[in-house]
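Participant: I'd like to ask you about the structure that follows.
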Amino acid sequence: MTKIATNTRKIIANNIVYFRIKNGWSQEYFAELLGTSSGYVSEMEHEKRNISVDYMDLIAKTFDIEPHELLINRLPVEKRRIKKKHKNKK
């Protein structure tokens, strides 16, 4: 599989990590909330998935943010892992 990562895909991937870490969620827990696998979440976070607009809406809803917040160019998230504990979703 050829990796074709656009700048927009990098921004979205970084924001998924940003909001997941901000919420204190592991990839496994976030995947559970989305109804997908942790492998799929990992692929999104590593720019290997082209995310549809509809799926971006689901991600934003899960994070309780507006969809455009996934397109804000933020500093890269350095720390990507958290302990298995997670905060309960609001």
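The values are calculated or read from the model by the stated rules, or taken from the named source; none is laboratory data. Please read these numbers as outputs of a predicted model, since none were measured by experiment. Quick reminder, even Gly has a Cβ in these numbers, built from the backbone with ideal geometry, and neighbours come from all protein chains shown.
Participant: Just to be sure before I move on: is Lys61 among the basic types (Lys, Arg), more than 18 Å from Lys10 (Cα to Cα) and at pLDDT 95 or above in the structure I sent?
Facilitator: Yes.
Participant: Given the structure, is Tyr55 without any contact (Cβ under 8 Å) to a residue 40 or more places away in the chain, out of contact with any Gly (no Cβ under 9 Å at 6 or more places or on another chain) and hydroxyl-bearing (Ser, Thr, Tyr)? Step through it out loud before you land on a result.
Facilitator: Numbers: without any contact (Cβ under 8 Å) to a residue 40 or more places away in the chain: yes; out of contact with any Gly (no Cβ under 9 Å at 6 or more places or on another chain): yes; hydroxyl-bearing (Ser, Thr, Tyr): yes.
Judged against the criteria, Tyr55 is a match.
Participant: Of the conditions (1) farther than 20 Å from Pro76 by Cβ; (2) surrounded by fewer than 19 Cβ atoms within 10 Å (Cβ to Cβ), Tyr29 satisfies every one except a single condition; which number is it?
Facilitator: (2)
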